[in-house]
Amino acid sequence: MINLSKQYSQVVCLNGHQRTASFTWGTSPNGFCEECGDKLISKCPKCDFPIVGNYDPSGEEIVVLGLSTKSVPKYCQNCGNPYPWTESAIKSAQDLISYSELSSDEVKDFQESIPDLLSDTPKTKLASTKFKIYAAKTGTVVAQGLRDILVDVASETVKKSIWGV
């Protein structure tokens, strides 16, 4: 029996807007994002491994092209590096923290904990607690800005713990 299953890759812009999760595996897209105008990619910029998309076990292309059943990942499953949109969210949050009135040690500690809010690891609960403590000290504008930056990339556990989402 011949296995005709088909794995697709995703096409995502450098800011994390998904165009499709049913793109031909191993090929590169042309064009730019309709939402933000940034370049479209279908492979990890660090290791060139395709961004895993939809999977069709039948091989009959029953996946509706353009219809996503796969969410945009934060990290490459091949090399473990963050995708550009993940890096951008981390950097933006860290930059915003530097505008707070926290002490320099608190700023550094808060900034270093941001990556641990994006996935569920043993450090996630600690990072979530630090976020609550430090965000309360930063003031409403910085705290709201951090929420706006992180709510789309934070782990589900963190979203529920910090924002009740």
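The values are calculated or read from the model by the stated rules, or taken from the named source; none is laboratory data. Bear in mind that the values here come from a model prediction, so they are computed numbers and not experimental data. Counting neighbours? That spans all protein chains shown, and the Cβs are built from the backbone with ideal geometry, glycine included. Surface areas here come from the heavy atoms of the whole protein model, side chains and all, with no ligands, DNA or RNA. Shrake-Rupley method; radii C 1.70, N 1.55, O 1.52, S 1.80 Å.
Might you report the magnitude of the Cβ-based charge dipole of the chain about its Cα centre, with Lys and Arg at +1 and Asp and Glu at -1, to the nearest 20 debye?
Details: 17 positive and 19 negative charges, 55 e Å.
Its charge dipole is roughly 260 debye.
Computed from label points 7 Å out along Cα-Cβ, the spacing between GLU101 and LYS39 is 4.2 nm. Note on LYS70: accessible area approximately 80 square angstrom, rounded to 10, probe 1.4 Å, nucleic acids and ligands left out. In the chain, helical runs assigned H by DSSP with n ≥ 4 each contribute -39500 (n - 2.57); averaged across all residues and rounded to the nearest 500, the mean residue ellipticity at 222 nm is -9500 deg cm²/dmol.
Full extension of the chain between VAL165 and LYS125 yields a length gain of 12.8 nm, computed as 0.36 nm times the residue separation minus the alpha carbon distance.
As a length-normalised measure over Cα pairs under 8 Å and 6 or more apart, the relative contact order of region 72-134 settles at 23 percent. Relative contact order for the chain: 18 percent, from Cα pairs under 8 Å spaced at least 6 residues apart, divided by residue count.
What's the extension gain from CYS47 to LEU4 if we count 0.36 nm per residue and subtract their Cα-Cα distance?
Numbers: separation 43, 0.36 × 43 = 15.48 nm, distance 2.68 nm.
Here the answer is 12.8 nm.
Please grab the % of Cα pairs in region 1-150 that end up more than 24 Å from each other.
On the way: 4984 of 11175 pairs.
Here the long-distance tail beyond 24 Å is 45 percent of all Cα pairs in region 1-150.
Ordering THR24, THR138 from largest to smallest accessible area (1.4 angstrom probe), what's the sequence?
On the way: THR24 75, THR138 15 Å².
So, going from the largest accessible area down, we get THR24, THR138.
Sparse packing (at most 11 other Cβ atoms within 10 Å of the Cβ) combined with a DSSP loop state is found for the following GluC sites (Glu not before Pro) in region 75-154: GLU101.
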